[in-house]
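The values are calculated or read from the model by the stated rules, or taken from the named source; none is laboratory data. As the structure is a computational prediction, the values presented were derived from the model and not from experiment. Positions of Cβ are backbone-derived with ideal geometry, glycine not excepted, and every protein chain shown enters the neighbour counts. Side chains are part of the model used for accessible areas, which takes the heavy atoms of the whole protein and leaves out ligands, DNA and RNA. Shrake-Rupley method; radii C 1.70, N 1.55, O 1.52, S 1.80 Å.
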Amino acid sequence: MNKNRSLLPRMAVNNIRKNGSTYFPYMGVSIFTMFTYFVFDLIVKNDIMWTLPKAAYAVVFMEIGFVLLGIIMVPFLYYTNSFLIKRRKKELGLYSILGMEKKHIGIMMLYESLAVYVIVMAASVLLGLLFSKLLFLLLLNLARLQVDAAFSISPMAIVDALLFYAFISGLNLFVNLIQVGKARPVELMAGSRKGEKEPGSVKLMVWSVLGLLALGTGYRLAIHAGLNSAIFNDFFMAVFLVILGTYFLFTSGSVALLRCLKKRKRYYYRAENFITVSGMLYRMKKNAASLSNLCIFATMSIITVICTVSLWLSMDSIIAYSYPRTFSVFWSGEQDEEALKAQIEQIAADTGVELTDYLEQSSITVRSAYWDGSRFRPMGENERGNYSDCSNIRMMTLDKYNRMEGSQAVLEAGEVLVFSTGMDFGYDTVFVGDNQWRIREELSECSAALKEQSNRTNRDYIFVFADQNECSLAAAVFGLGEDQKVFQISCTPAGDEESIDAFKRELKENLEGTAGYAGIEDCREDIAGQESMYGGLMFIGIFFGSIFLICLLIIMYYKQITEGFEDQKNFEIMQKVGMSDEEIRKTIKKQIRLVFALPLAGAVLHTSVGMNMVVMMMGAIANYQTRIMLTCAVAVVLVFALVYSICYKWTSATYYRIVKKMG
């Protein structure tokens, strides 16, 4: 009994060593997966993250990314395990034929799993401890956060990683034991070479209909997505439906295509075509699963990189659009504007600060006015939360507008000037409640705000009325009067941080207690918070883009080595009956080209359809640089296609080397 106890662990270790070509890539994949999971957890659980100034957004996005990472990794490692057990079935069947009981095979597999677990976790934790600080500093750099503190290691992150991989290892072992336990020795011996039964016509039709419905619904959500409160729900639903539709259509479409090619006798019975078509029919379901996974991971890689690169290139424009000026002082009611301006300029001179982008404006602001076409009205109770149909409106008189702009515009009674921060208003008249005004001119620019034509939903407006009576009439629709008028001086102080802080402090001390003073708005913290949020998004984008690409390469590699081993005997037979080495090469190239062209084409199609949703989601964070996003999309697709082609050549060479090891 003791001898058996020591024999099985030795056999387990020996099996891993002998099956190194299968086990070592699997362990490499697992190490990469757990290293990524462990580093993410280390950063999220680092005490410094909670003490960093303005890092709240970065922390939230890191936590969301960590959860998504765990969700992705479970099926991915389960998928790679399926390649491993398929390669092991013949060996395990041989053990069973030679007299080893199923329970002993199960114990041996348990020892193998334990050995892999120890190796993977030891390597993952060691690499995580070595590189986690480097990646943490990358996050701080992208989020523009500064900190002078040592990076701490959370013991709970190590525990989380150990438990997470224990769960995945246990799940894979459980599935492997069921497959081995249910199969007879002869079935195990033939398991790695067992073909798949072709689905019937009815089943194929059902798959096609389900695939078209799922993909069509997902595409419809992506194409018609708007910037509203449901944008993120629509995004996840569209992704789910596209993944589902891709799987069904790759399965039904590939089988239908292969059947069609098989019926074409003149095509099918040529040597290179016969091997290609018959080989793909032999493993049609697994082939469809691999192709759909390649397509999905390719799409995820492309879209993630597009979002990350476009966000990086657009960050300055996002900040400039959201915060045209960093500093504002507010007063309510009528004020001596010249005296206030002189007072602020004197304080700026005393504290060594230069005021740039100086602007004065006097207006009544309506928060969340509901608009329908050319009509604006107060929001009803049942419309709350529908932000896509809401806008803020600043109402001002012509004399205040001319003073702000230094212009000499003229308006007749019943006329207004209109400015939109997004796409043009586009009407000749505007209704505020039941009151109507003719639009004399729609302004293309205004000192009080920036304009982005790509902003189609989240628009604010400035209305300029001929006199105070008409301005008050419009404001009364929203329950506002002249006492809600606000005079605002905005600017961007230039100088060092200490001087700007002194300017703010002196300004507050001089103005507090004066008539109408309403407060000071310093946007520097808000800007830093947004930069932190975008930095966290870019960090997650870089991380996930890398993960999706590596997952794609791993699936490619596993697909080629497993199919290479399966096709080895077929090519050996074909060579014995006279197939030349050059014909083998042509056959392999045709087969791999067909297989890998489909996922790339599908990924490009998914990306093209999904760009509207990408634009909408970028609009949620005030990124309206559509031209940059589309340029990034074209560039990323071309670069990805190049990388994909290089991987195609590499995997085809691997496949060829395997099938050439004959005899």
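Among residues of segment 519-537 being acidic (Asp, Glu) and touching a helix residue (DSSP H, G or I) at 6+ places or on another chain (Cβ under 9 Å), the one that is surrounded by the most Cβ atoms within 10 Å (Cβ to Cβ) is Glu531.
Residue count for segment 185-215, restricted to those that are open to solvent by 40 Å² or more (accessible area, probe 1.4 Å) and modelled with pLDDT of 80 or more: 4.
Restricting Val159, Val116 to residues that are at negative phi, surrounded by fewer than 17 Cβ atoms within 10 Å (Cβ to Cβ) and at pLDDT 75 or above narrows the list to Val159. Once segment 283-313 is narrowed to residues that are more than 20 Å from Ala622 (Cβ to Cβ) and open to solvent by 40 Å² or more (accessible area, probe 1.4 Å), the residue that is modelled with the highest pLDDT is Val305. Scanning segment 87-113 for residues that are open to solvent by 40 Å² or more (accessible area, probe 1.4 Å) and in contact with an Asp or Glu (Cβ under 9 Å, 6 or more places away or on another chain) gives a single hit, Lys89.
Candidates are the residues of segment 627-647 that are open to solvent by 90 Å² or more (accessible area, probe 1.4 Å) and farther than 18 Å from Thr308 by Cβ; the one that is modelled with the lowest pLDDT is Ile646. The set of residues from segment 406-423 being part of a loop (DSSP other than H, G, I, E, B) and within 41 Å of the chain's Cα centre (by Cα) comprises Thr421, Gly422, Met423.
Under the condition of being at pLDDT below 80 and either in contact with a Cys (Cβ under 9 Å, 6 or more places away or on another chain) or open to solvent by 50 Å² or more (accessible area, probe 1.4 Å) (or both), the residues counted in segment 19-35 number 1.
For residues in segment 36-81 being among the small types (Gly, Ala, Ser), surrounded by 17 or more Cβ atoms within 10 Å (Cβ to Cβ) and part of a helix (DSSP H, G or I), which is modelled with the highest pLDDT?
Here the residue is Gly65.
Every test in (1) charged (D, E, K, R); (2) farther than 20 Å from Ser499 by Cβ; (3) open to solvent by less than 50 Å² (accessible area, probe 1.4 Å) is passed by Arg325 save one, and that test is (2). Within segment 436-480, the residues that satisfy the criterion of being among the aliphatic types (A, V, I, L, M) and in a loop (DSSP other than H, G, I, E, B) are Ala448, Leu450, Ala466, Val477, Leu480. Within segment 335-354, being of a type in the set (A, V, I, L, M) and either under 19 Å from Met404 (Cβ atoms) or in contact with a Gly (Cβ under 8 Å, 6 or more places away or on another chain) (or both) holds for Ala339, Leu340, Ala342, Ile344, Val353. Remark: Arg403 falls outside the filter, which requires a residue to be in a strand (DSSP E or B) and of a type outside the set (Ser, Thr, Tyr).
Just name the residue that is modelled with the highest pLDDT out of those in segment 369-385 that are open to solvent by 50 Å² or more (accessible area, probe 1.4 Å) and under 35 Å from the mean Cα position of the chain (by Cα). So the residue we want is Asp372.
As for segment 338-352, it holds no residue that is open to solvent by less than 40 Å² (accessible area, probe 1.4 Å), touching a strand residue (DSSP E or B) at 6+ places or on another chain (Cβ under 8 Å), at pLDDT below 85 and within 19 Å of Thr397 (Cβ to Cβ).
Whether any residue in segment 496-511 is assigned to a loop (DSSP other than H, G, I, E, B) and in contact (Cβ under 8 Å) with a residue 12 or more places away in the chain is what I want to check. Scanning segment 496-511, I find no residue that is assigned to a loop (DSSP other than H, G, I, E, B) and in contact (Cβ under 8 Å) with a residue 12 or more places away in the chain, so the answer is no. Pairs meeting the criteria (first residue in segment 630-642 and more than 23 Å from Met617 (Cα to Cα), second residue in a helix (DSSP H, G or I) and among the aromatic types (Phe, Trp, Tyr), beta carbons under 6 Å, at least 6 apart or on different chains) are lacking. Scanning segment 401-437 for residues that are of a type in the set (Val, Ile, Thr) and open to solvent by 30 Å² or more (accessible area, probe 1.4 Å) yields a count of 2. Pairs only if they're at least six apart or on different chains, beta carbon under 9 angstrom, first in segment 334-351 and more than 24 Å from Gln484 (Cα to Cα), second exposed (fewer than 15 other Cβ atoms within 10 Å of the Cβ) and among the basic types (Lys, Arg); list them, first residue then second. Correct list of pairs: Thr351/Arg505.
Scanning segment 122-139 for residues that are aliphatic (A, V, I, L, M) and open to solvent by less than 10 Å² (accessible area, probe 1.4 Å) returns a single hit, Leu139. The set of residues in segment 594-624 being under 12 Å from Cys307 (Cβ atoms) and outside any helix (DSSP H, G or I) consists of Ala620, Ile621, Asn623.
Ala320 falls short of the stated requirement of being outside any strand (DSSP E or B), farther than 29 Å from Thr626 by Cα and not hydroxyl-bearing (Ser, Thr, Tyr).
What are the residue pairs meeting all of these: first residue in segment 450-474, first residue among the polar types (S, T, N, Q), second residue buried (at least 21 other Cβ atoms within 10 Å of the Cβ), Cβ atoms under 6 Å, and 6 or more apart or on different chains? Matching pairs, first to second residue: Ser454/Tyr624; Asn455/Tyr624; Gln468/Thr397.
Here is the figure for segment 507-518: residues that are under 15 Å from Ala349 (Cβ atoms) and either surrounded by fewer than 17 Cβ atoms within 10 Å (Cβ to Cβ) or among the β-branched types (Val, Ile, Thr) (or both) total 1.
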